[in-house]
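Trainee: One structure, as structure tokens, below. Some questions next.
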Amino acid sequence: QVQLVESGGGLVQTGGSLRLSCAASGSIFSINDMGWSRQAPGKQRELVAVITSGGSTNYADSVKGRFSISRDNAKKTVFLQMNSLKPEDTAVYYCNADLIAYGRRAYEKYWGPGTQVTVSS
């Protein structure tokens, strides 16, 4: 069974920083893209950042220059460094991974349960 678990969320003031982590575990054969999405109350989930297995990255326009995604392939972990946080960054942040589990034949997207990030003004 495959599991993704986020950590590092919390409450921070405007202009502050947080670092989110997400570790994948279980019967994993291979991981391709990993990423972070977020969902604010009353809004649809939106992609924040994605990183390929080779390290290429892509960001939502709203976080470019403030957020940085990275990964540790050996530890099957993805990180999101969030700087210069704004109240509009308040949301539940979800990590995801496109991976092949042992016994499966294709990449599937797995999601973590989410971690709350609250930025106070």
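Trainee: In square nanometres and to one decimal, what's the mean projected area of the convex hull around the Cα atoms of the range 1-94?
Mentor: With every direction weighted equally, the projected area is 6.3 nm².
Trainee: Between S30 and T118, how high is the FRET efficiency from 1/(1 + (r/R0)^6) when r is the Cβ-Cβ distance and R₀ = 35 Å? Nearest 0.05.
Mentor: 0.50
Trainee: Moving on. Please compute the net charge surrounding V5, taking Lys and Arg as +1 and Asp and Glu as -1 over other residues with Cβ under 13 Å from its Cβ.
Mentor: The answer is +1.
Trainee: Express the relative contact order of the range 1-49 as a whole percentage, based on alpha carbon pairs under 8 Å and six or more residues apart in sequence.
Mentor: 30 percent
Trainee: Oh, and also: Over the chain, with the other protein chains present, what is the accessible area per residue in square angstrom, probe 1.4 angstrom?
Mentor: On a per-residue basis, the chain sits at 54 Å².
Trainee: Another question about this same structure. For N58, enumerate residues with amide H under 5 Å from its amide H, sequence gap 5+ or separate chain, H modeled in the peptide plane.
Mentor: V50
Trainee: In the range 83-121, whose amide N lies under 19 Å from the spot 7 Å out along Cα-to-Cβ of Q13? List them in ranges.
Mentor: Flagged as within label range: 83-90, 117-121.
The values are calculated or read from the model by the stated rules, or taken from the named source; none is laboratory data. In this text the structure is predicted, and so the values were computed from the model without any measurement. Heads up, the Cβs are rebuilt from the backbone with ideal geometry, glycines too, and the neighbour counts pull from every protein chain shown. Please note that ligands, DNA and RNA were not included when accessible areas were found on the heavy atoms of the full protein model with its side chains. Shrake-Rupley method; radii C 1.70, N 1.55, O 1.52, S 1.80 Å.
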